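Read through the structure below, which is laid out as structure tokens, and then see the notes.
The values are calculated or read from the model by the stated rules, or taken from the named source; none is laboratory data. Keep in mind that what you see is a predicted model, and the values were worked out from it rather than measured. Reconstructed Cβ throughout: ideal geometry from the backbone, glycine too, with neighbour counts over all protein chains shown.
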Amino acid sequence: MRTVTVDILNEKALNLLKDLELLKLIRVRKDKTAREKKINWQKFKGSMTKQPLDQIDQKLSEMRNEWE
């Protein structure tokens, strides 16, 4: 058995693959996408200090006004 990765460019190709799977010629497995992979949030720990919400809103408003 050999494993290959295929990029589906057209929905018809996916239907063909499903037909091949029904014939027990191949097995289609769903690959984990970036959204499904678990994110290690520990690497971001300490990147921002805790601040009151009103301070954060004020800073955001200041930054937005600088662009206008």
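Within the stretch 1-26, the set of residues being surrounded by 10 or more Cβ atoms within 10 Å (Cβ to Cβ) and of a type in the set (D, E, K, R) comprises LYS18, ASP19, GLU21.
Given the structure, is LEU60 at pLDDT 90 or above, of a type in the set (A, V, I, L, M) and assigned to a helix (DSSP H, G or I)? When the stated conditions are applied, LEU60 passes them.
Would it be correct to say that GLU36 is at pLDDT 85 or above and acidic (Asp, Glu)? In short, no. Among residues that are more than 28 Å from the chain's Cα centre (by Cα) and either surrounded by 10 or more Cβ atoms within 10 Å (Cβ to Cβ) or at pLDDT 90 or above (or both), GLU66 is not included.
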